[in-house]
Structure formats: structure tokens, C-alpha cells
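Taking it in order: structure first as C-alpha cells, then the write-up.
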Amino acid sequence: MHTVSLTHQLVAIQDDFDLDKIIESGQCFRPQKLSDGRYRFLSGSALLYLTPLGDGQYDAAWYGSDREYWADYFDLGRNYAALRCSLAGQSSYLDKSLNFGQGIRILHQDPWEMLITFLISQRKSIPAIRTAVEHLARCCGEPLSAEGDEVFLFPTPQQLCCLSEAQLIGCGLGYRTRYIQNAAAQASSGTLDLSALAALPDDALFSRLLELDGVGKKVANCVCLFGYGRTAVAPIDVWIQRLIDEEFGGRDPFPSYDQQAGIVQQYLFYYKRSTSRSVAHKK
């Protein structure tokens, strides 16, 4: 276990920013709220703790990155309050989603982590995805100790290549094991260069991701949006398809939002999933 020192800095965020909603928004699987009130975020080899101090003030403590990295991660260059205002009034359902989801943001996460975690996500609930991803990190990710908190970084392609098929299956990957093995082998050998893909336009990036074993449209779109920040992309999963059928008469509304389509999708997804679970729980 490697003990690391954290860099602390006071930061102010005067925009929509709700850490609980961000963690529960379905786009990330490792961040969590700790028992001491800190919020822990992991992205690739970077680690961040945010402690809310009130009035938009936070104690930020990071390792393996800097302030600019996390500003980009949380998309702090975009004013989400103004964006919600600009989107309001187009439909009552969207208005409800915008109000309910106030505080969520599109996270710009590590592309490698997004590829693997969304491959794992297929036909799994969010709690099950989190469990499998955590098992994988604990199995071969680098262990760190930061101010009394023990964490495991997300495995690199080389680290994943060292795991046997039995070890991967033991992490709860099931039939997805082959997909993870193939992605790790390609990324480790350089056949798949995820950093270079960032230079591709949206359509070319989407097409290249579809060439990977196990990657369908939904996974490719999720990697585009949450790994590369392509906000014109709107992933369609079972929740969104249900919403399209029930609230938009079967017509896909996202093309009309252009570069904001992925952000609108996230508000709608969060509202649909949250309210549907609440109704089911009450029943």
C-alpha cells in the first residue's frame, strides 16, 4: 500500500453543483460519499476528495492531478444554471427534469475507464456495475493510502492483461470477460490508442469504438459522451427508450438539441430513473 500526500486548496463553485446527484446520475461508478462527509472521486490515476464547507465553498484535496484536471472533469467551464434556463419552456416533462436534476453535470472522465466500465455495464444494474468495477480495481489496481483512506486506482491495460480469465470472471464480469480481455490486449499493444481517438470528429470516434468487441451503439455513445466530452451524443438505453416512447410519442427528441443533446439526455435520464424507482418503491 503506497501512502500519498494530498494537495489541499479551497475552491469556490458558484454554479449548479450537487455532489450527491452527480454520483447518482448513472455516468460514473467509482465516486462515493464517505462516512466522514468527504466525497471521493477517482479518474484513471487521479484522486480527489471534496469536502463541502457551505455557500459553494469546498476543501479540495487531490493526488496525481491538478486543479485544471478536475475543473475539466466537472465541466466547470460551462454554466449549467444558464443552460437550464435556456432549455426551459420547451416541454413540461423537460422542465421537470431540469428542475429535478439541478446540480448534475457531465463528467469528463478517463476514456479507458469509461470503455471498460460501460462494457461491464451491459445488462447490469448500477449497484451491480459498481460492485464489479470495485472488485476489478481491488484485484489488480494500484493500492493507495491517502490521509487514512485506502483506495485502488483503476487498472491499466497492462494490469488487466495480467489477470486470468478465471480472475476476471471472479470479479463478476461474466460473458463480458472476453470483451475486457480484447480491449486490454489492444490498448496494451497500442493497436487501440484511446488518446489518439480524441482527435477524431464525433462520427469517426463513434465508428472506431463500434469496431471493438462487445461495443454496441449504447456503449460507444456513453464512451463518447462521458469519456471524450462529446455533448452532441445522446446514449439511448432502456430508460431513455422508455422515456422516448412514453413522453415523446416515440420520436427521438435529441437531434434537435445539437451540441447540448447529451446534457439534455442526462437530465432526462436522471429524472426518469429516479422517479420510476421512487414509484416502484412506494408500491
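The values are calculated or read from the model by the stated rules, or taken from the named source; none is laboratory data. Being a predicted model, the structure only gives us computed values, none of them experimental. Using ideal geometry, Cβ is built from the backbone for each residue, glycine included, and neighbour counts are taken over all protein chains shown. What goes into the accessible areas is simple: the full protein's heavy atoms, side chains included, and nothing from ligands, DNA or RNA. Shrake-Rupley method; radii C 1.70, N 1.55, O 1.52, S 1.80 Å.
Between HIS8 and GLU68, the contour length at 0.36 nm per residue exceeds the Cα-Cα span by 20.2 nm.
With the simple spin-label model, which puts each label point 7 Å out from Cα in the Cβ direction, the ILE169 to ARG208 separation comes to 3.4 nm.
For SER164, the accessible surface of its heavy atoms amounts to roughly 50 Å² (probe 1.4 Å, protein chains only, rounded to the nearest 10).
With a Förster radius of 22 Å applied to the beta-carbon distance between LEU34 and GLN259, the computed FRET efficiency rounds to 0.05. How large is the accessible surface of TYR228 in square angstrom, using a 1.4 angstrom probe and rounding to the nearest 10? Its accessible surface works out to 20 Å², give or take rounding. Per-atom-type breakdown for the range 111-228 gives carbon and sulfur 52% of the accessible area (1.4 Å probe, protein chains only). Residues LEU225, LEU6, sorted by accessible area with the largest first, give LEU6, LEU225 [1.4 Å probe; ligands and nucleic acids excluded].
Going down the list LYS96/LYS217; LYS21/LYS218; LYS96/LYS124, which pairs span over 25 Å between their C-alpha atoms? Checking Cα-Cα distances, LYS96/LYS217; LYS96/LYS124 exceed 25 Å. Please work out whether the chain counts as rounded, prolate or oblate from its C-alpha gyration tensor, where a ≥ b ≥ c are the square roots of the eigenvalues and a/c under 1.5 means rounded, while otherwise a/b larger than b/c means prolate and anything else oblate? Oblate. Counting only protein heavy atoms and a 1.4 Å probe, the chain has 45 square angstrom of accessible area per residue.
Starting from the range 137-200, pick out the GluC sites (Glu not before Pro) whose DSSP state is loop and whose Cβ has at most 16 other Cβ atoms within 10 Å. Here the GluC sites (Glu not before Pro) that fit, given the DSSP loop and packing criteria, are GLU147.
Within the accessible surface of the range 2-99, defined with a 1.4 Å probe on protein heavy atoms only, the carbon and sulfur portion equals 47 percent.
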